[in-house]
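What follows is a set of notes on a single structure, which appears directly below.
Each reported figure results from applying straightforward, stated rules to the coordinates on display, with no laboratory input. These figures come from a predicted structure and were not determined experimentally. Reconstructed Cβ throughout: ideal geometry from the backbone, glycine too, with neighbour counts over all protein chains shown.
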Amino acid sequence: MKTTIQISEINSNGIQAVAARDGITEGTLIGDNGKTGDAKITVYEVGGGRVANTNGDPVWEDEAPEAFAELMETIS
């Protein structure tokens, strides 16, 4: 389910801030866990790295590999 998405369409101030800092305007939607509301987790590829958008701070694979791997187990 990889789809190109505009960074401005991602509902995460943290992801948008990093993308703006790095001059990135597009990312790739990798998938989500099929849930809604606060339980929803969506994973994107942004600037060559992967990030999980959660109801809290985004979890970047390169910054928190173990937490990211746990979140990836829920993605379809």
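Tabulated data
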quantity	calculated
Computed [θ] at 222 nm, helices only, for the chain once each DSSP H run of length n ≥ 4 contributes -39500 (n - 2.57)	-6500 deg cm²/dmol
Distance (nanometres) between label positions extended 7 Å along Cα→Cβ at GLU9 and ASP38	2.8
Sparse-neighbour loop sites [GluC sites (Glu not before Pro); the chain; at most 16 other C-beta within 10 Å; DSSP]	GLU63, GLU73
Translational D in µm²/s for the chain (Stokes-Einstein at 20 °C, 1.002 mPa s, Kirkwood Rh from C-alpha pairs)	175
